[in-house]
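Heads up: the structure comes next, in structure tokens.
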Amino acid sequence: MNHSHKRSTEVDAVIVGAGFSGLYMLHRLRELGFTTRMFEAADGVGGAWYWNRYPGARCDSESHYYCYSFSDEVRKEWKWSCRYPAQPEILGYLNFVADRLDLKKDIDFGTRVTAGTFDEDTHDWVVETNGGETVRARFLITAVGNTSAPSKPAIQGLDDFAGKIYYTASWPHEKIDFSGQRVGLIGTGSSGIQCTPHLAAEADRLTVFQRTANYSVPARNHLLTDAMRLEQEEKHQDLRRKTLASPIGMPFDLPQLSALEVSAEDRKRRYDELWAGGGFRFMFTSFNDLTVDLKANDTIAEYIGAKIRDTVRDPATAEVLCDFNHPAGTKRPPIDTDYYETFNRDNVNVVSIRTNPIREIMADGIILQDNERYELDTIVFATGFDAVTGSILNMNLRGKGGEALRDKWDRGPRAYLGLSPAGFPNMFMVTGPGSPSILANFPVCIEQHVDWIAECMVHMRENGIDEIEALPEPEDAWAKMIAEEANKTLLPLANSWYMGANIPGKPRVFLAYPSGVHAYTVICDDVAKRGYEGFALRSRKMAEAVS
Ligand code: NAP
């Protein structure tokens, strides 16, 4: 539905994207009396939860904290069915929120931003869409998500494939019937790991092509009873306090002990207990040095390896699944249901393409470097995203002096506080590169950013300020600090999407603020309290007075 014919082409803010971030941004700005236009490429709200409809798509964070916190009504009216809801339920939640707050009438669906240029004379952004519209806005706010530009590897011969091709990141809306099919799945990140058991249950044969063995942890999903929901509600304030004090934005008790200062028996007992509980707690609450000390990390990597070998009956298959080449947790840990168990099925096999990569796709299947051939009817790509920066760069943004963001970021993204790039005044990125979001619980990071941006806009309105621009020096210092802090951890050791390493030619730069969302919030609040230190604030009146 496109209402653009009735809409204003001059507004306070253009917001791009109607996922978790954009919906809350729109709500906040409307409440504060700002005029907005919101563009969303999809035909509905939901962002990542709109596009990723592959079988098995499910949240890896628990429902009671993977949700908005800004409205008590929304929280109390919505009932989560289980610990880790599946994609349709989360999409249902976002639709519920959008309807409850009457947001949809202010969103242009099916509309992509194709260009945005900052007009230095008027301090406005001039935003163009694929619908041929041009809108002027004082502020440009990107709420495009971190995992929304699918990565579609250019494998030789792909166009010659005679069967069907699907991408987990842009899955069709109708149910796909895999029965009787020989299916090849490329990719063993969270998406590939989640859909493996589902494809296996339907297909005649499933061949999983694994470039990098992952460390997956059981989710232990379960339904929520009314009693459990009541308990969560009663503990809400406490859990919320814990969440906000946490580096990862999850209400966990953080570990105090090193993995190396306890006995092997105590360590195993701790891992056993957390493995039984499932989910992120296994990685994040067992010991405090797993992501900074390789020896400590070895203990958890070995534990997961042993679990895989216990689960997978065929030793050769287990060895492929344990062929780790990076420390555990240096790629975002997948949370699964029956992933390793699925390799005990007769119709499933895993093929390592780590040293014997895919050479070519033929009309009837995949052929590896060593000429090994796999005949297939369908190929499913679970190959991830041009994460964090891809969808921002795809909008063709130009700042002061006509500088393209793509050029500014050619050696990696730069943005002060991960919020705003120098040279791009009045532009804010919700969960942008250099902010903590991808290492933490998204809704927490989103609400923090949206609130900060909204308060900054109010400050500007109240003080007659027309332009806010990040200064180059603090932006440089921010980038330097991120690299230094990341280098104190094991995170840069993996060829992960955190490092941009999954996309050929993408600069290898750590894409997140690594010291946690709590520390980050304190910094952002401080910056605001000090009158937006690190930014230049300008007003037309001031400029006129000077000239
Ligand atoms: P991903 O983690 O980037 O995994 C992509 C997989 O495809 C990797 O195994 C990668 O191998 C492989 N791959 C990529 N290009 C390839 C190529 N040219 N040839 C062969 N293999 C190739 O992507 P994802 O699984 O979609 O997950 C991305 C992120 O989205 C997750 O980390 C998570 O934050 C989020 N997500 C969350 C959930 C959830 O549980 N809620 C579910 C899905 C996604 P390499 O490792 O060797 O690059």
VAL126 vs (1) in contact with a Phe, Trp or Tyr (Cβ under 7 Å, 6 or more places away or on another chain); (2) of a type in the set (A, V, I, L, M, F, W, C); (3) without any contact (Cβ under 8 Å) to a residue 12 or more places away in the chain: all pass except (1)
Here the residues within region 277-299 that are more than 20 Å from CYS322 (Cα to Cα) and assigned to a helix (DSSP H, G or I) are GLY277, ARG281, PHE284
Log entry, pairs with first residue in region 252-276 being free of Cβ contacts under 8 Å to residues at least 60 places away in the same chain, second being open to solvent by 80 Å² or more (accessible area, probe 1.4 Å) and in a helix (DSSP H, G or I), beta carbons closer than 7 Å, six or more apart or on different chains, reads LEU260/LYS295
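Of the residues that sit in region 203-228 and are charged (D, E, K, R) and more than 29 Å from GLU273 (Cβ to Cβ), which one is farthest from the ligand (Cβ to nearest atom)? Break it down stepwise before answering.
Here is the first cut: in region 203-228, the ones charged (D, E, K, R) are 204-205, 211, 220, 226.
Filter once more, keeping what is more than 29 Å from GLU273 (Cβ to Cβ): 204-205, 211.
Numbers: ASP204: 23, ARG205: 19, ARG211: 4 Å.
The extreme case among them is ASP204.
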Of the residues in region 387-402 that are open to solvent by less than 40 Å² (accessible area, probe 1.4 Å) and not in a helix (DSSP H, G or I), the one that is nearest to the ligand (Cβ to nearest atom) is ALA387
Pairs returned, first residue in region 357-371 that is closer than 10 Å to ASP160 by Cα, second residue that is among the acidic types (Asp, Glu), beta-carbon separation under 8 angstrom, 6 or more apart or interchain, are ILE361/ASP160; MET362/ASP160; ALA363/ASP160; ASP364/GLU375; GLY365/GLU375
Of the candidates GLU174, GLU231, the one satisfying the condition of being part of a loop (DSSP other than H, G, I, E, B) and away from the ligand (no atom under 11 Å from the Cβ) is GLU174
Scanning region 160-171 for residues that are within 16 Å of the ligand (Cβ to nearest atom) and in a strand (DSSP E or B), the one most open to solvent (accessible area, probe 1.4 Å) turns out to be ILE165
Q. Looking at region 494-501, is at least one residue touching a strand residue (DSSP E or B) at 6+ places or on another chain (Cβ under 7 Å), under 19 Å from ASP386 (Cβ atoms), modelled with pLDDT of 95 or more and open to solvent by 30 Å² or more (accessible area, probe 1.4 Å)?
A. yes
If we take region 45-159, then helices (runs of 4 or more DSSP H) inside it with 1 or more residues that are open to solvent by 30 Å² or more (accessible area, probe 1.4 Å), hydrophobic (A, V, I, L, M, F, W, C) and within 15 Å of the ligand (Cβ to nearest atom) are 48-51
The condition from (1) more than 13 Å from the ligand (Cβ to nearest atom); (2) under 16 Å from GLN210 (Cα atoms); (3) open to solvent by less than 50 Å² (accessible area, probe 1.4 Å) that TYR303 misses is numbered (2)
Inside region 327-386, the number of residues satisfying the requirement of being more than 14 Å from the ligand (Cβ to nearest atom) and either open to solvent by less than 40 Å² (accessible area, probe 1.4 Å) or in a strand (DSSP E or B) (or both) is 13
Query raised in the report: Does region 203-224 include one or more residues that are out of contact with any helix residue (DSSP H, G or I) (no Cβ under 6 Å at 6 or more places or on another chain), in a helix (DSSP H, G or I) and open to solvent by 30 Å² or more (accessible area, probe 1.4 Å)?
Result: no
Scanning region 512-531 residue by residue, those outside any helix (DSSP H, G or I) and either under 30 Å from THR383 (Cβ atoms) or in contact with a helix residue (DSSP H, G or I) (Cβ under 7 Å, 6 or more places away or on another chain) (or both) turn out to be ALA512, TYR513, PRO514, SER515, GLY516
Residues of region 189-202 being within 13 Å of the ligand (Cβ to nearest atom) and open to solvent by less than 10 Å² (accessible area, probe 1.4 Å), in sequence order, are GLY192, ILE193, CYS195, THR196
Just one listed residue, out of TYR532, TYR520, is aromatic (Phe, Trp, Tyr), closer than 23 Å to HIS459 by Cα, surrounded by fewer than 18 Cβ atoms within 10 Å (Cβ to Cβ) and more than 16 Å from the ligand (Cβ to nearest atom), and it is TYR532
Screening GLY184, GLY180 for residues that are within 14 Å of the ligand (Cβ to nearest atom), open to solvent by less than 70 Å² (accessible area, probe 1.4 Å) and at pLDDT 95 or above leaves only GLY184
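How many residues are touching a residue at least 12 places away in the same chain (Cβ under 8 Å) and either exposed (fewer than 14 other Cβ atoms within 10 Å of the Cβ) or closer than 30 Å to VAL351 by Cβ (or both) when one looks only at region 225-237? Working first, answer last.
Step one: of region 225-237, the residues touching a residue at least 12 places away in the same chain (Cβ under 8 Å) are 229, 232-233, 236.
Next cut, either exposed (fewer than 14 other Cβ atoms within 10 Å of the Cβ) or closer than 30 Å to VAL351 by Cβ (or both) only: 233.
Qualifying residue count for the region: 1.
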Just one listed residue, out of ASP298, ASP289, is open to solvent by 10 Å² or more (accessible area, probe 1.4 Å), touching a helix residue (DSSP H, G or I) at 6+ places or on another chain (Cβ under 7 Å) and of a type in the set (Asp, Glu), and it is ASP289
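The values are calculated or read from the model by the stated rules, or taken from the named source; none is laboratory data. Please read these numbers as outputs of a predicted model, since none were measured by experiment. Note: ideal-geometry Cβ built from the backbone for every residue, glycine included; neighbour counts use all protein chains shown. Heads up: the accessible areas ignore ligands, DNA and RNA and are worked out on the full protein's heavy atoms, side chains in. Shrake-Rupley method; radii C 1.70, N 1.55, O 1.52, S 1.80 Å.
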